[in-house]
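Following: one structure in structure tokens, then a few remarks.
The values are calculated or read from the model by the stated rules, or taken from the named source; none is laboratory data. Note that this is a predicted model, so its numbers are computed, not measured. Methodologically, a virtual Cβ is constructed for each residue, glycine included, from the backbone with ideal geometry; neighbour enumeration extends over all protein chains shown.
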Amino acid sequence: MQDETTKALENLSAAIKNGLEDEAEKYTRQAIESGIRPLDIVKNVLVPTLAQVGQRFQNFEIFLPELMLAGEAGERVTAILEEETLKAGQPSFTVGTVVIGQVAGDLHDIGRNIVTTMLKSNGYKVIDLGHDVPDIEFVKSAEKEKADIVALSALMTTTLPAQQRTIHLFEELGKRARYRIIVGGGAVSAEWAETIHADGYASDAAGAVELCNHLMKKQPHPHE
Amino acid sequence: MRHTTRLMEVIQRSLSGPIMDEEVFNNRHITGGIARVVKEYDIRIDKERIINQDDDLADRVFQAAIDFLASCGVYCQSTNRVILYSQEEIKSILRTAPAQVRLGAGTDEVLEVARKVEDPRRPLLMGSPIGSPIEEEFFIPSMISYIQEPEVDATMAPTLGTIYGFEVRTRSPLEIMAAWREAELTLEALRRAGRPGMPITGLGMSFSDVGQLSADNPGGLRSTDLHTFGVISELKTNFEILNKLTHILYRDGIVDPYANPIYGGLGGGMEGQAVLIAAAMIALNVVFMATCVGSSPTHPFYFNDTHKELILPTSLAFQALARNTSLMTNLTISPVGGPLTKTLLYECTAYTIMCTVSGCSRILGPRSATGAIAGHFSGLEARFTGEVMSAACHLDRGKAEEIAQRAYEKYAPDLIKQPYGKHFREVYDLKTIQPVDAWLKMYEEVKNEVASWGLTFES
């Protein structure tokens, strides 16, 4: 029995790594049926597996398509485990909610997709607003989703002011203290993040996950 | 207007092509399509190199790019439709691509030509920080630092964060004012440097079609200038981009678009990246009627193009184009290093040599410090780039590889440290607009070192 359980977890890890959603679902259900607690599956399989996948992407051993497939498999597993947890009356194990988007005037997608996939892989609920997002939409979405973190991406130097403007808008509306606002993207530097009083800056996707984890630990959920 | 029939055809195809979700286009058309042709055309790269040495591989990349583009198409986000051209149509349009174009006016006019691999003819240098941010007070002096360099043939403005002290807002009247301000200041810098007819491009701060098109008019960008716009990665467009194209064609401007495939993204690794870059350049000519086609393939974490993962596939893709088309191609150097760092000069050495021997028609930049830090650029690195470029015209790919490898060894370990260097005001005397001694000395040291590796400078 022990061997079967171990095997199921190994298979689950392999299915996630290979981006095989249906197989990942099958092994997740097998693991649950064999009595493993959803939270243990998250801690012992899902998070370390996706961390490995993320590291392989950082090392260019795999590329965005493989990363996204693994992320999607991870999302399917997360959804099943979340459902089981809530069914059992346990609290959600979602790490936090992030509203992310490319600021107004910026049409790029790929870098943000990488960050989104990595965050989802690490247990975050991510609301991706897409590209060229008007300042006010960040505020509206953060409010609607009760977000913990708002992530503003800018790949072009011409769109940097929109990050600053969006932070000002949160301030102007009296909502700045409710959210941790982070910035990233090719045009962004740590100095710029400091200048516009962002709560953090990450230079790459792995750094964004670390930053979010750090910010989530730093203080309790502002909506609680 | 030139190309009326072709423009109508593009617009009609954007309105009537296969309708598709963007995610399906990304996954099936781009990722699936690249994976298919990489396998079918047996694209395998020797990852130890920096510059491609294999002509047969370059030709297979070209064939793969045509096959891929014909099956993939270009996605129009405004209509959710795919603009498709058959292989026969693509080849037919490529056959009519112009092989040379005159840029600029008067005594500052220059001729851009389609070059071949190891072509001894000198490429053009668009010496410029390529849209890097700059404070208003340093706009003109920093531009003059490029324009005054004899090696510089054309230029492009940096990006103003503010105009008259006010932050620029996309799709607002401020964007139109900013576009005009940039054009005015650039033309003023040309005049002050004594090269009024030098070809320029710019309006980089204008995101929207209205912003760009405002100053792309008499009094602003001239018909003898390059009219530049970017397409969206990977292989995407929208009506704003097509609006810009339409206006440029009506103005009889020189169409000079760019596409910047992201390494490790939808195209995957080096092999896929090479095919994707080549396909994107072909698409710029076929769909966007480009006179000149350009790229600055981008690193997903450092946003530069001087990592080996970027240089090698770029070299392969541009050799594929140089061997099989008459396209005039250009590449932007986006180093991590900034002024007063040797890293910047070593990066410029490797990338410039690669561009020159791989058949590139025009080199842009350097966009020092990846264009991310306000004012971290200067004309001296353009001088250095121009000198390396002229010297590299006499290299074959074997020798080019040897020198580029030596430069790469010097800078590769430093990239992670992001040595962004100093601001323009710290590396140039603002009264004389000449480099300060420390920067000049460093430039001379590196130039001597590169010369000792076998690159013969003209002076």
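When residues of segment B:244-271 are filtered for being in a helix (DSSP H, G or I) and either more than 14 Å from every other protein chain (Cβ to nearest Cβ) or of a type in the set (Val, Ile, Thr) (or both), how many remain? Before the answer, list the steps.
Pass one, segment B:244-271, residues in a helix (DSSP H, G or I): B:244-250, B:270-271.
This time we only want the ones that are either more than 14 Å from every other protein chain (Cβ to nearest Cβ) or of a type in the set (Val, Ile, Thr) (or both), so: B:245-250.
Residues that pass the stated criteria total 6.
Select from segment A:196-213 the residues that are out of contact with any strand residue (DSSP E or B) (no Cβ under 6 Å at 6 or more places or on another chain) and either facing chain B (nearest Cβ under 10 Å) or among the acidic types (Asp, Glu) (or both) and write down the one among them that is farthest from B:Gly338 (Cα to Cα).
Only one residue fits best here, namely A:Glu210.
Residues of segment B:5-58 being of a type in the set (Ser, Thr, Tyr) and touching a helix residue (DSSP H, G or I) at 6+ places or on another chain (Cβ under 8 Å), which ones? Walk me through it before giving the result.
Step one: filter segment B:5-58 for residues of a type in the set (Ser, Thr, Tyr), giving B:5, B:14, B:16, B:31, B:41.
Hits for segment B:5-58 are B:Ser14, B:Thr31, B:Tyr41.
Please count how many residues of segment A:162-193 are within 13 Å of another protein chain (Cβ to nearest Cβ), more than 27 Å from B:Ser208 (Cα to Cα) and not aliphatic (A, V, I, L, M).
1
If you check A:Glu210, A:Glu137, which single one turns out to be in contact with a Leu (Cβ under 9 Å, 6 or more places away or on another chain) and surrounded by fewer than 19 Cβ atoms within 10 Å (Cβ to Cβ)? Show your work before the answer.
On the way: A:Glu210 fails: in contact with a Leu (Cβ under 9 Å, 6 or more places away or on another chain).
Answer to the check: A:Glu137.
Suppose the filter is at negative phi and touching a His at 6+ places or on another chain (Cβ under 6 Å); does B:Gly272 pass it? Talk me through it step by step, then tell me what you get.
Values: at negative phi: yes; touching a His at 6+ places or on another chain (Cβ under 6 Å): no.
No, not satisfied.
For B:Ser14, all conditions in the list (1) over 28 Å from B:Ser315 (Cβ atoms); (2) in contact with an Asp or Glu (Cβ under 9 Å, 6 or more places away or on another chain); (3) modelled with pLDDT of 95 or more hold save one; what is the number of the exception?
Single failed check for B:Ser14: (2).
For segment B:221-243, state whether one or more residues are basic (Lys, Arg) and within 14 Å of chain A (Cβ to nearest Cβ). Break it down into steps so the answer makes sense when it comes.
Just the residues of segment B:221-243 that are basic (Lys, Arg), to begin with: B:222, B:236.
Next, only the ones that are within 14 Å of chain A (Cβ to nearest Cβ) stay: B:236.
Yes, the conditions are met somewhere in segment B:221-243.
Name the single residue that is surrounded by the fewest Cβ atoms within 10 Å (Cβ to Cβ) among those in segment B:232-264 being farther than 21 Å from B:Thr4 by Cα and touching a Leu at 6+ places or on another chain (Cβ under 7 Å).
B:Ile232
Somewhere in segment A:62-74, is a residue within 14 Å of another protein chain (Cβ to nearest Cβ), under 30 Å from A:Ala187 (Cα atoms) and not in a helix (DSSP H, G or I)?
For segment A:62-74, residues within 14 Å of another protein chain (Cβ to nearest Cβ), under 30 Å from A:Ala187 (Cα atoms) and not in a helix (DSSP H, G or I): present.
Kindly check whether there is at least one residue in segment B:62-72 that is closer than 28 Å to B:Ile403 by Cα, among the small types (Gly, Ala, Ser) and either in contact (Cβ under 8 Å) with a residue 40 or more places away in the chain or more than 14 Å from chain A (Cβ to nearest Cβ) (or both). Quick ask: steps written out before the conclusion?
Of the residues in segment B:62-72, the ones closer than 28 Å to B:Ile403 by Cα are B:62.
Imposing the further condition that a residue be among the small types (Gly, Ala, Ser) reduces the set to none.
Within segment B:62-72 (the criterion being closer than 28 Å to B:Ile403 by Cα, among the small types (Gly, Ala, Ser) and either in contact (Cβ under 8 Å) with a residue 40 or more places away in the chain or more than 14 Å from chain A (Cβ to nearest Cβ) (or both)), the answer is no, since none of the residues qualifies.
Pick out, from segment A:112-204, the helices (runs of 4 or more DSSP H) lying fully within it that include 2 or more residues that are at pLDDT 95 or above.
So the answer is A:135-145, A:160-172.
Please find, within segment A:119-134, the residue that is surrounded by the most Cβ atoms within 10 Å (Cβ to Cβ) out of those that are in contact with a Lys or Arg (Cβ under 8 Å, 6 or more places away or on another chain) and not β-branched (Val, Ile, Thr).
Step one: of segment A:119-134, the residues in contact with a Lys or Arg (Cβ under 8 Å, 6 or more places away or on another chain) are A:126, A:128, A:131.
Remaining after also requiring not β-branched (Val, Ile, Thr): A:128, A:131.
On the way: A:Asp128: 21, A:His131: 19.
This residue is A:Asp128.
Quick one: in segment A:84-105, which of the residues that are in contact with a helix residue (DSSP H, G or I) (Cβ under 9 Å, 6 or more places away or on another chain), assigned to a loop (DSSP other than H, G, I, E, B) and more than 8 Å from every other protein chain (Cβ to nearest Cβ) is surrounded by the most Cβ atoms within 10 Å (Cβ to Cβ)? Walk me through how you get there before you give the answer.
Narrowing segment A:84-105 to residues in contact with a helix residue (DSSP H, G or I) (Cβ under 9 Å, 6 or more places away or on another chain): A:84-85, A:88, A:90-105.
Among the residues that remain, those that are also assigned to a loop (DSSP other than H, G, I, E, B) are: A:88, A:90-95, A:104-105.
Narrowing further to those that are more than 8 Å from every other protein chain (Cβ to nearest Cβ): A:88, A:90-95.
Numbers: A:Ala88: 9, A:Gln90: 13, A:Pro91: 8, A:Ser92: 10, A:Phe93: 16, A:Thr94: 13, A:Val95: 19.
Step by step, filter segment A:84-105, then rank; the result is A:Val95.
For A:Val77, work out the one condition from (1) under 23 Å from A:Gln30 (Cβ atoms); (2) surrounded by fewer than 19 Cβ atoms within 10 Å (Cβ to Cβ) it doesn't fulfil.
All conditions pass for A:Val77, except number (2).
Residues being at positive phi and either of a type in the set (Lys, Arg) or in contact with a Pro (Cβ under 8 Å, 6 or more places away or on another chain) (or both): count how many of those fall in segment B:243-269. So that I can check it myself, show each step before the final result.
Narrowing segment B:243-269 to residues at positive phi: B:252, B:264, B:268.
After this cut, where a residue has to be either of a type in the set (Lys, Arg) or in contact with a Pro (Cβ under 8 Å, 6 or more places away or on another chain) (or both) as well, the list is B:264, B:268.
Number satisfying all stated conditions: 2.
If I ask for residues that are of a type in the set (Gly, Ala, Ser) and surrounded by fewer than 24 Cβ atoms within 10 Å (Cβ to Cβ), which ones from segment B:393-410 would you list? Steps first, answer last, please.
So the first thing to find is which residues in segment B:393-410 are of a type in the set (Gly, Ala, Ser), and the list is B:398, B:400, B:404, B:407.
Hit for segment B:393-410 is B:Gly398, nothing else.
Among the residues of segment B:228-254, write down those that are in contact with a strand residue (DSSP E or B) (Cβ under 6 Å, 6 or more places away or on another chain) and either closer than 23 Å to B:Glu112 by Cα or hydroxyl-bearing (Ser, Thr, Tyr) (or both). I'd like the intermediate steps shown before the answer.
Step one: filter segment B:228-254 for residues in contact with a strand residue (DSSP E or B) (Cβ under 6 Å, 6 or more places away or on another chain), giving B:228, B:230-231, B:233, B:235-237, B:248, B:253-254.
If the condition is that a residue be in contact with a strand residue (DSSP E or B) (Cβ under 6 Å, 6 or more places away or on another chain) and either closer than 23 Å to B:Glu112 by Cα or hydroxyl-bearing (Ser, Thr, Tyr) (or both), then B:Thr228, B:Gly230, B:Val231, B:Ser233, B:Thr237, B:Ile248, B:Gly253, B:Ile254 are the ones that fit.
For segment B:402-455, which positions are hydroxyl-bearing (Ser, Thr, Tyr), touching a residue at least 40 places away in the same chain (Cβ under 8 Å) and either within 14 Å of chain A (Cβ to nearest Cβ) or farther than 24 Å from B:Lys308 by Cα (or both)? Don't jump to the end; show me each part of the working.
Initial filter on segment B:402-455 (hydroxyl-bearing (Ser, Thr, Tyr)): B:408, B:411, B:420, B:428, B:432, B:443, B:452.
Remaining after also requiring touching a residue at least 40 places away in the same chain (Cβ under 8 Å): B:408, B:411, B:420, B:428, B:443.
Matches in segment B:402-455: B:Tyr420, B:Tyr428.
Identify all residues within segment A:74-123 that are among the aliphatic types (A, V, I, L, M) and either farther than 19 Å from A:Ala206 by Cβ or more than 14 Å from the chain's Cα centre (by Cα) (or both); write none if there are none. Break it down stepwise before answering.
Going through segment A:74-123, the residues among the aliphatic types (A, V, I, L, M) turn out to be A:77, A:79-81, A:86, A:88, A:95, A:98-100, A:103-104, A:107, A:110, A:114-115, A:118-119.
Listed by number, the residues that qualify are A:Val77, A:Ala79, A:Ile80, A:Leu81, A:Leu86, A:Ala88, A:Val99, A:Val103, A:Ala104, A:Leu107, A:Ile110.
State whether the residues of segment A:146-161 include one that is within 14 Å of chain B (Cβ to nearest Cβ), closer than 30 Å to A:Asn44 by Cα and not basic (Lys, Arg). Talk me through it step by step, then tell me what you get.
Of segment A:146-161, the ones within 14 Å of chain B (Cβ to nearest Cβ) are A:153-161.
If we keep only those that are closer than 30 Å to A:Asn44 by Cα as well, we get none.
Checked segment A:146-161: no residue is within 14 Å of chain B (Cβ to nearest Cβ), closer than 30 Å to A:Asn44 by Cα and not basic (Lys, Arg).
Just checking, how many residues over segment B:115-162 are buried (at least 24 other Cβ atoms within 10 Å of the Cβ), over 30 Å from B:Gln319 (Cβ atoms) and of a type in the set (S, T, N, Q)?
Result for segment B:115-162: 3.
Looking at segment B:416-425 only, could you name the residues that are in contact with a Gly (Cβ under 9 Å, 6 or more places away or on another chain), assigned to a helix (DSSP H, G or I) and surrounded by fewer than 20 Cβ atoms within 10 Å (Cβ to Cβ)? First the steps, then the outcome.
At the first step, the residues of segment B:416-425 found to be in contact with a Gly (Cβ under 9 Å, 6 or more places away or on another chain) are B:418-425.
From what's left, assigned to a helix (DSSP H, G or I): B:424-425.
Selection gives B:Arg425 alone.
So, restricting to strands (runs of 3 or more DSSP E) that lie completely within segment B:41-114, which ones have at least 2 residues that are aromatic (Phe, Trp, Tyr) and either in contact with a Ser or Thr (Cβ under 8 Å, 6 or more places away or on another chain) or over 26 Å from B:Ile232 (Cα atoms) (or both)?
Numbers: elements: B:74-76, B:81-83, B:100-103, B:110-113.
Once the strands (runs of 3 or more DSSP E) in segment B:41-114 are filtered for at least 2 residues that are aromatic (Phe, Trp, Tyr) and either in contact with a Ser or Thr (Cβ under 8 Å, 6 or more places away or on another chain) or over 26 Å from B:Ile232 (Cα atoms) (or both), nothing remains.
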